[in-house]
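*Asks:* Following this message is one structure expressed as structure tokens.
The values are calculated or read from the model by the stated rules, or taken from the named source; none is laboratory data. Keep in mind that what you see is a predicted model, and the values were worked out from it rather than measured. Here the Cβ positions follow ideal geometry from the backbone for every residue, glycine too, while neighbour counts run over all protein chains shown.
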Amino acid sequence: MSVSVDSSTFSGDVVRRTVLDNGLTVLTRELHTSPIVTSMIWYRVGSRNEELGQTGKSHFLEHMLFKGTDRFKKGSVDLLTLKNGGNNNAFTSHDFTAYYFNFASDRWDVALDIESDRMVNCVFAPAEFEAEKKVVIEELQMGLDSPWGLLLQELDAGAYKVHPYRNPVIGWLQDVERATSAEQQNYYRKHYYPGNATLVLTGDFETDRVLDQVFERFSAIPKRPDPPAVTAVEPSQRGEKRLQVQWRSKVPRLAIAYHAPQIAHPDSYALQVLNLVLTEGKTSRLYQRLVEREQSVTFATAEYAESKDPTLFHIRAEARGKHTAEEIEASIYEELQRIVTDGATTQELDRAKHLVQAHFILSRERAVDQAMLLGQVETLYGLSYIETYLNKISSVASEDVSAVCSRYLTAANRTVGYLIPDGSSASDVDEGDYEDA
Amino acid sequence: MKTPEAEIWRSFDVQSQTLSNGLQVLLVENPAIPAIAINATVLTGARYEPEDKAGLAIMASNLLDEGTTTRTSLAIAEAIEATGGHLETDASFERVVAAATVLKQDTDLGLELVADLLINPIFPEDYVSKEKSRTLAEIASAKDRPQVVAGWALNELIYGSHPLHRPAQGYPETIGQITRNDLQQFHEQFFAPNNAILSVVGDFKVDEIRARIEKRFGGWNRRPVSLPAIPKPVRQKERREKFIPMAAQQSNIYLGHLGIERTNPDFYALQVLDTILGGGAGFTARIPQRLRDELGLAYTTFASITMAAGIDPGRFVAYIGTSPENTKLAIEGLLNEIRRIVDEPVSQEELQDARDFLTGSFVFAFESSAQIARFLIQASVYNLGFDYGEKYPGFIKAITAEDISRVAGLYLDTENYTLTISGPMEER
């Protein structure tokens, strides 16, 4: 192995970053509280890398990584997890695909055997592929039975003109139905190789010994050329877009998407603080306004998606009683305007900063949470992001919050989606009756 | 020689004491990170609420942090949120919980807030009215979810007149009936130190935290609490079915019947059975292997009888969400696997794998202070003993294939079950 850097990160904890000659990045962090080790591998491939007509490939690939290699036949990954008393899972996003195992620390290295093997040796038996396609389609249909799954899918597709973030991570049904095992295998060969991956190991082990084990399993996997970079750049939005999505419910739901910069952009810290000021906790602006005072929603929340490329800042809410989406929308805009005019209070800024700091400390408790944090940061922005993160959040001032609010959360930069009844109502509760009682 | 399980078990020292007012206090030092987890559990819940006030327990728990004799709703939120910690309240059929996770320097504040919420809530009239309207809206929202709707219907048919037939959050008509007076009475009747358990786990020294706990909880007055007796639910002797039409993409199917109490000695044999039939790691169990991996009928399918075991018998459930045209095939598939585990002994390999899974993965339930704090409450409520971690591998290793056959025959029923389905009408 070649480069090994000790990264002294948050609160003095040491994360070691090692890069093998074939390009595999390895992050290790010892945690000796519980006899547990998490092994997590992150690939820099997600729906962002998919071409039109080929959506869903990254996610489908995640399923196929459990479908067998010559060494570990179909079902073996789960069976080994069972026999060793562990658990495993995987997830795909716009930007990455990640797989993890949690095992007791006396047997965890089976995870290294599996990950090093399935990085390059997956077999794509057409029969297995077709069988798994049914499972993926069931997963996709299940998502469409969730009101937010459907509304956010349509909203994001409407908000982006060009960038692949417009496509759902699971893909469009028509693309998934037409997917073939051969195309899937090509996609795998293109994106799964050491230089496109980060292996994160956290938990109860000795780093030097573990790095030897990693070297033993992974060093023979050859280098590969990088695939062409994703070059799509989303053009500016030129005015508000509005859309309606028909669904079976009578409960009005709305979601607003604003184009916003990627995480690690200089403005992203103030946007993260804005997100917390708007909807985190009962003291937050939208909770106080919509839940406490107007009692117009069951909940209101904001999400600023962590991403590699410029992304969306979402605000969404579910109406209650006789309240309408229009009325809630107007209140949200008034609250945003107040932030533009007055910024955030000192108390709000302190609260946001304490929350972020506490979250960092609490995330060190479980090996899997730690691996999740380190892997995501390394994959999206590089480990150095963590080192400066707390300072940058701490230096966000009231005028920064107001500036990002007026820069990004504007009418011309937003797409607004309403979920409206399609006439086939599933709900027979007329909650509107109670309100005046 | 130590067994592998003994080596991976993370042992911890539990300090148990009872304050003079009857409050049981359970402490574990865990200096892994500079934080502490507090869990205060009152031994009441939705099982004790009157039928016509269904939803009372959850509503009471939701209102604990909306105002006390010493703090307004906003003051409580401001106090906890200024620290970056969490404070939450929750209720189930058998518990009402106020829990907090705070950084070490905020230990006193965490204890003080949890104590204040349990001892001094005032259920302000305006918040009662807000909470009622919010609950109604949440019920309406939940009715949009086919899996929830099918799950509610299952409980109605399995439990009959037993309290567990209800959705824990109540019905629109019973929510409308709840008054501030009901909430105050519920609090008066059940919230007493002698009917509660406090567990605190984290970065502290037992000797110095005792006084701090005594200071906040010691003034809580003991009073007699009588927990109403609830007749046991009766297992069905015939098949029950319900179809709920919904314009959904999938059919959501629940098949089940009455299950077991947590204290049932067959719990451990049934945990092994669950692992083989419908749980375990990934898709290794028979139901996901057959219905998901082989037949491609579903993304989510599982079965379990131990998951819902509590003071009351839980339910055995097998679940699948599938395309409407596969509904019949999916039901048949679930039933076939249940029949097979009742009729045929499990293989030695399946048995060994399931036992290894349960004993090997047990350690994951004790990774965080909050998890350990919850375990202490469980151990106390169900008399598991604080050495449960040491005993558990033995319980599991003792299970044989004959045990599985015996408990499958005793607790699973492939004739007299309840079947509920939500999904599109035209496919039936």
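*Asks:* Tell me which residues, restricted to the range A:331-356, are of a type in the set (Asp, Glu), within 12 Å of another protein chain (Cβ to nearest Cβ) and touching a helix residue (DSSP H, G or I) at 6+ places or on another chain (Cβ under 6 Å).
*Replies:* A:GLU348
Yes/no per residue for (1) over 26 Å from the mean Cα position of the chain (by Cα); (2) in the same structural domain as A:PRO164 (by TED's automatic domain parsing); (3) over 30 Å from A:ASP422 (Cβ atoms); (4) crowded, with 19+ Cβ neighbours inside 10 Å:
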position: A:PRO235; (1), (2), (3), (4): no, no, yes, no
position: A:VAL245; (1), (2), (3), (4): no, no, no, yes
position: A:ARG248; (1), (2), (3), (4): yes, no, no, yes
position: A:ILE256; (1), (2), (3), (4): no, no, no, yes
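*Asks:* Determine which single condition B:VAL342 fails, assuming it passes every other condition in (1) buried (at least 20 other Cβ atoms within 10 Å of the Cβ); (2) farther than 26 Å from B:ARG47 by Cβ.
*Replies:* Among (1) buried (at least 20 other Cβ atoms within 10 Å of the Cβ); (2) farther than 26 Å from B:ARG47 by Cβ, B:VAL342 violates only (1).
*Asks:* Failed condition for B:GLU81, given (1) without any contact (Cβ under 8 Å) to a residue 12 or more places away in the chain; (2) surrounded by fewer than 22 Cβ atoms within 10 Å (Cβ to Cβ), with all others met?
*Replies:* Looking at each condition in turn, B:GLU81 falls short on (2).
*Asks:* In the range A:357-386, which residues are among the aliphatic types (A, V, I, L, M), in contact (Cβ under 8 Å) with a residue 60 or more places away in the chain and within 12 Å of chain B (Cβ to nearest Cβ)?
*Replies:* A:ILE361, A:ALA367, A:VAL368
*Asks:* Which residue out of A:PHE96, A:PHE124 is crowded, with 18+ Cβ neighbours inside 10 Å, within 15 Å of A:GLY68 (Cα to Cα) and in contact (Cβ under 8 Å) with a residue 40 or more places away in the chain?
*Replies:* When all the criteria are applied, what remains is A:PHE124.
*Asks:* Would you confirm whether or not the range A:117-129 contains a residue that is in a helix (DSSP H, G or I) and hydrophobic (A, V, I, L, M, F, W, C)?
*Replies:* Yes - at least one qualifying residue is present in the range A:117-129.
*Asks:* Scan the range A:304-322 for residues that are surrounded by fewer than 22 Cβ atoms within 10 Å (Cβ to Cβ), of a type in the set (Asp, Glu) and touching a Ser or Thr at 6+ places or on another chain (Cβ under 9 Å) and jot them down.
*Replies:* A:GLU306
*Asks:* Also, quick follow-up: Could we say that B:LYS104 is more than 21 Å from the chain's Cα centre (by Cα) and over 23 Å from B:ARG134 (Cα atoms) here?
*Replies:* On the way: more than 21 Å from the chain's Cα centre (by Cα): yes; over 23 Å from B:ARG134 (Cα atoms): yes.
Answer is yes for this residue.
*Asks:* Name every residue in the range A:315-352 that is in contact with an Asp or Glu (Cβ under 8 Å, 6 or more places away or on another chain) and assigned to a loop (DSSP other than H, G, I, E, B), in order of residue number.
*Replies:* Listed by number, the residues that qualify are A:ARG320, A:GLY321, A:LYS322, A:HIS323, A:GLY343.
*Asks:* Go through the range A:152-182 and report how many residues are acidic (Asp, Glu) and over 24 Å from A:ALA229 (Cβ atoms). Don't jump to the end; show me each part of the working.
*Replies:* Filtering the range A:152-182 for residues acidic (Asp, Glu) gives A:154, A:156, A:175, A:177.
If we keep only those that are over 24 Å from A:ALA229 (Cβ atoms) too, we end up with A:154, A:177.
Within the range A:152-182, residues that are acidic (Asp, Glu) and over 24 Å from A:ALA229 (Cβ atoms) number 2.
Table: residues versus (1) crowded, with 20+ Cβ neighbours inside 10 Å; (2) in contact (Cβ under 8 Å) with a residue 24 or more places away in the chain; (3) not polar (S, T, N, Q); (4) not in a loop (DSSP other than H, G, I, E, B).
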{"residue": "B:LEU111", "(1), (2), (3), (4)": "yes, yes, yes, yes"}
{"residue": "B:LEU118", "(1), (2), (3), (4)": "yes, yes, yes, yes"}
{"residue": "B:LEU136", "(1), (2), (3), (4)": "yes, yes, yes, yes"}
{"residue": "B:ASP144", "(1), (2), (3), (4)": "yes, no, yes, no"}
{"residue": "B:GLY170", "(1), (2), (3), (4)": "yes, yes, yes, no"}
{"residue": "B:GLY176", "(1), (2), (3), (4)": "no, yes, yes, yes"}
{"residue": "B:ASP182", "(1), (2), (3), (4)": "no, yes, yes, yes"}
{"residue": "B:ASN194", "(1), (2), (3), (4)": "no, yes, no, yes"}
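*Asks:* Residues to consider are A:GLN174, A:GLN141; find the one that is away from every other protein chain (no Cβ under 13 Å), part of a helix (DSSP H, G or I) and more than 30 Å from A:GLY195 (Cβ to Cβ). Before you say what the answer is, go through the steps one by one.
*Replies:* Numbers: A:GLN141 fails: away from every other protein chain (no Cβ under 13 Å).
Selected residue: A:GLN174, the only one of A:GLN174, A:GLN141 that is away from every other protein chain (no Cβ under 13 Å), part of a helix (DSSP H, G or I) and more than 30 Å from A:GLY195 (Cβ to Cβ).
*Asks:* Continuing with the same structure: Grab the strands (runs of 3 or more DSSP E) fully contained in the range B:228-324, keeping just those with 3 or more residues being aromatic (Phe, Trp, Tyr), over 17 Å from B:ILE396 (Cα atoms) and more than 14 Å from chain A (Cβ to nearest Cβ).
*Replies:* Working: elements: B:240-245, B:251-258, B:298-304, B:315-322.
Filter on the range B:228-324 gives an empty set.
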